[in-house]
Amino acid sequence: MTVTAPPRESAAPTPPARPSAGRRVGDRLLSWWRRLTAMRTAIILLFLLALAAVPGSLLPQRALSQNNVRQYVADHPTLAPVLDRLYLFDVFSSPWFAAVYLLLFVSLIGCVLPRGLEHARALRAAPPSAPRHLTRLPDSGEVATSLPSGEALDVVEEELRVRRFRVVRRDGPADPAGTRGDLSAEKGYLKETGNVLFHLSLVALLLGLAGGKLWGYEGSILVTEGQGFCNSFQQYDTYSAGPLVDSADLSPLCVDLEDFRAQYEPNLTASSFTAGIGYGAPGEQGRPTSIGVNDPLRIDGNRVYLTGHGFSPSFTVTLPGGKTFENVSQPFLPTDQSTMASEGALKLPDAGASSDDQLALEGFFAPTGLVRGGVLTSVDPRPLAPQVAIVAYRGYLGLDSGVPQSVYSLDASQIERGRLERVGAANLAVGDSLDLPDGTSIAFTGYREFAALQLSHDPGQVWVLGAAISLLTGLLGMLLLRRERIFARAAPDAASGGSVLTVASLSRGSGQNGPRFAALAADLRNALDDRARGTSTRTSTSTSTRRPEGPPA
Amino acid sequence: MTPDQSLAELSDQLFTSGVALYSLAVVAFCAQLAFGRRPALVAAGGGGVLPSDAPADEPERGRRWGIAAMALTVLGAVAHAGVLVTRGLATDRLPWGNMYEFATATVLVAVVAYVVLALRSPGLRHIGVFVLAPVVLALVLIGLFLYAEAGPLVAALRSSWLAIHVSTAILGFGMFFVSGIVSVLYLVRTHHDAREPDDGRQGDGIVSRLPAAGALDRVAHRTAVFGFPIWTFAVIAGAIWAESAWGRFWGWDPKETWAFIAWVVYAGYLHARTTAGWRGRPAAWVNVVGLVVMVFNLLFVNMVSTGLHSYAGVN
Ligand code: HEM
């Protein structure tokens, strides 16, 4: 086991005779493979990966916010198309980002699989035999003892086994005193296991992520109190789904919003949002529960989140002919979370005689309104004194013109073109109404709260969590454990009648080995002395020991 | 609840005291370097072997300054810890709910990591000025630009994951902070060693008072090895929290992206340390890039870009 990955030869030397074409291609491929799986390549690819992620955080990304991208494209009409062609608004799903991480992972597999196999073999094999020149190892030292060599090695073996080393002797302990003997010991196999586990977990994590992307989906919808939705793509305001999702097979689940509560600290920091919901299969009586921030509903691989909230003001519109639209409402989107000032629109295409006589409101909602100089502002996120500022329009809304419209605003181009005409405006408190010149009356009747709900389905998620846990386990093992080999050789010492032990260690891991080795050597010396004294049938118990050399400073 | 004003004020006063104590420590460290310099003759006799691990043969005056500097650092750290404790008591929550608190805690981890290192290997006490000077600078900038009044947490932060995710992020960041500075010192040291070969005439100047290059490299590596699993855990914990708070465990939000970038850079550093051709200066540069990424993530991503992590409390 070398300390670094062995250096790879760049290419096999070309033999003098021209080899066959197939052979040349094979050699070339082999050389590429070696280069790809070298550690240097891994480092470069890691950097490329880091670098590749940078534009994804500096430029707006479609996956995060379509709106920001649209805004950016509008602001940079010449630059944006170029960036778009380079996938710079979809960095994390771009082919070049994928190329970098796939290369990295191929390199990783090519690097770690052989290492893993070798490690599996090493786990079963005995520690390698001691090198010829023990004193050339980073830490080594000699101990003289009065014990014969075989017995001295017995002591070393015992001491190392107590320290949970795997030990092999290559002498035959039955040898009579006087022969040389070798001992090798190793521990810390788990360090290498940790390394392999960590790298393979990265692969498992990537597979989990990919699975989630392919088979996962997510839909969001605004639901006003008293309403609900069922899990199908037609119902969501926005959704995204992986390429392998079959829209016919979404889990059958319906959710109704019963009520919504927001709580605030005295300084108006929001302290909690809670939505009371009922859920169940379509047609079933819903089971009640509540969800909140940091607290989604989890059932059968689906999760339902509360991601936002707001107010839906409601209006009763009475036409001159007596026809009324009772308590119609539409969510108004908050434009300022700290005061919940919100904007929205209400479209009534059927409120007139013809399609050129439709009615629409555009407005501003303040949960606690304050009118200053005729302008309504919101001063508190709590609905203490709800007010609206509305502008009424009559004309053609353009709903059937084929261009999709937002339900939260009127089509400004219809107003510019004069197809929608402003017919009145007012600030209204609950109960007030606005009377239009044609006799239509619009009454502000109150509000209900709405919740932004999101349903997510990600079958890869549990895998990813499992992979992350095993990744961390492997990482801790790899970084914190130490791998250590100890070699000892005993040779008879003619002068004293005992023997001389040479002990050396080779270790890998954090921290300095010198002091640790010195401590081990001291323990060995003591153990040898004890044994020598205990079995002191000999005349001499002189234990002239030499301090092991410390590590080079 | 409404924050306790007197405790909040005490916290602010402790902040000022901490900065003052650290500044005094910087002065004392400088004095240690100035008076601790050995006479040129001895340095020449020493044959250019670096005096890194031998504060014992330092002149008495320098040694006393060194002790004073460490004492001031420890006192500063106590005041510094007090800033966070009193904030936490004033608001009845963990004191890392906004960027001011987060950054202050990170710097505290760095100081504590340095103190622990210096107590364990006295040779490292010399680098005190290089750690404490950036610490003072960082705290002054934090006080000037990131300060936020003590206040309650927004709803999204009210989760036990705040304790787990943010505490480990702070710990990891603090370790990387020390590691990055030590790598910078290593780069300075090796640059100096290369320009002034071992002719026995060095021994003057602050750089030659730095610990030996090998020791700096090892300290940088060990602190990064300590920080990396913690950072990994912080990222994983963040993902688990994001799954319950934002509806997905990973969404390439700018903060997430930069945490990922930093993680990959540090993985690159650990690889570089064990790869022929990358050991030594190239690896140290990677570590420095890692620190730059971490600081960028803290400052730029919180203050300039808008993402889900925008709880910074800075406007
Ligand atoms: C997703 C990409 C990768 C990540 C995040 C990663 C991360 C790491 C980390 C953190 C270490 C610990 C280093 C230490 O012990 O101090 C490590 C060690 C190692 N990695 Fe990777 N690695 C990746 C890819 C690769 C690839 C592609 C290869 C092979 C070409 C590789 C080969 C190794 C080897 C041989 C070690 C052991 C080094 C040693 O312990 O001395 N890794 N890796």
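Throughout, read-outs are computed from the coordinates displayed, never taken from laboratory work. Model, not experiment: these values are computed from the prediction. Reconstructed Cβ throughout: ideal geometry from the backbone, glycine too, with neighbour counts over all protein chains shown.
Near the amide H of residue A:420, within less than 5 Å, lie the amide hydrogens of A:396, A:415, all on another chain or at least 5 residues away, with H placed in the peptide plane. Each part reduced to its alpha carbon centroid, region A:72-109 and region A:386-447 end up 43 Å apart. Sorting B:17, A:140 from the fewest to the most surrounding beta carbons within 10 angstrom yields B:17, A:140.
Measuring between their Cα centroids, region A:115-131 and region A:468-502 lie 14 Å from each other. Amide H contacts under 5 Å for residue A:307: A:452, A:453, A:454, restricted to partners 5 or more places along the chain or on a different chain, H placed in the peptide plane at 1.01 Å from N.
How big is the equivalent ellipsoid of region A:114-273 along its three axes, where each semi-axis is √(5λ) from the Cα gyration tensor, reported in whole Å from largest to smallest? Present the calculation step by step, with values, prior to reporting the outcome.
Working: eigenvalues 968, 99, 32 Å².
Each semi-axis is √(5λ); the values are 70, 22, 13 Å.
Return B:190, B:16 ranked ascending by Cβ neighbour count within 10 Å, so the fewest neighbours appear first. Provide the component values of the computation, followed by the final result.
On the way: B:190 17, B:16 13.
Ranked by crowding around the Cβ, least crowded first: B:16, B:190.
Within the shell defined by Cβ-Cβ distances under 15 Å, the residues around residue B:4 carry a net charge of -3, with Lys and Arg each +1 and Asp and Glu each -1. The mean count of C-beta atoms from other chains within 10 Å of the C-beta of residues in A:294-306, rounded to a whole number, is 3.
Looking at the P(r) of region B:111-252, how many percent of alpha-carbon pairs lie beyond 28 Å? List each step's numbers first, then the result.
Values: 3705 of 10011 pairs.
Everything past 28 Å amounts to 37 percent.
The alpha carbons of region A:31-123 occupy a box of 61, 25, 16 Å along the principal axes, longest dimension given first. Charge dipole of chain A (Cα centre as origin; +1 on each Lys and Arg Cβ, -1 on each Asp and Glu Cβ, all else neutral): 4080 debye, rounded to the nearest 20.
Can you check how the C-alpha radius of gyration of the protein assembly as shown compares to 2.2 N^0.38 Å, as a plain ratio? Please list the in-between numbers first.
Numbers: Rg = 35.4 Å, N = 868, 2.2 N^0.38 = 28.8 Å.
Relative to the 2.2 N^0.38 Å estimate, the protein assembly as shown comes out at 1.23.
Take the convex hull of the alpha carbons in region A:217-457; its mean projected area over all directions comes to 15.3 nm².
Per-residue 3J(HN,Hα) values for region A:521-531, derived from phi via the Karplus relation 6.51 cos²θ - 1.76 cosθ + 1.60 with θ = phi - 60°, read 4, 5, 4, 4, 4, 4, 5, 5, 4, 4, 5 Hz in sequence order (x marks Gly and Pro).
Helix A:39-58 and the longest principal axis of the Cα set of chain A meet at an angle near 20°. Note that region A:316-328 has calculated 3J(HN,Hα) couplings of 10, 10, 10, 7, x, x, x, 5, 10, 10, 8, 6, 7 Hz, one per residue in order, obtained from phi through the Karplus relation 6.51 cos²θ - 1.76 cosθ + 1.60 (θ = phi - 60°); glycine and proline are x.
As a length-normalised measure over Cα pairs under 8 Å and 6 or more apart, the relative contact order of chain A settles at 19 percent. Only aspartates and glutamates eight or more places from residue A:323 in sequence, or on another chain, were considered; those with a Cα closer than 13 Å are A:350.
Projecting the Cα atoms of A:39, A:198, A:407 onto the dipole axis of chain A, where Lys and Arg carry +1 and Asp and Glu carry -1 at the beta carbon, places A:39 farthest toward the positive end. Please compute the average number of Cβ atoms from other chains found within 10 Å of each residue's Cβ in peptide A:43-51. Partner-chain Cβ atoms within 10 Å, mean over residues of A:43-51: 6.
The helix-only estimate of mean residue ellipticity at 222 nm for the protein assembly as shown, built from DSSP H runs of length n ≥ 4 each weighted as -39500 (n - 2.57), is -15000 deg cm²/dmol after division by the residue total.
Cross-link partners of residue A:191 among aspartates and glutamates, defined as those whose alpha carbon lies under 18 angstrom from its own and excluding same-chain residues fewer than eight positions apart: A:118, A:484.
For A:415, B:236, what ranking results if the residue with the fewest other Cβ atoms within 10 Å of its Cβ goes first? Intermediate results must be reported in sequence, preceding the final value.
Details: A:415 17, B:236 20.
Neighbour counts put them in this order, fewest first: A:415, B:236.
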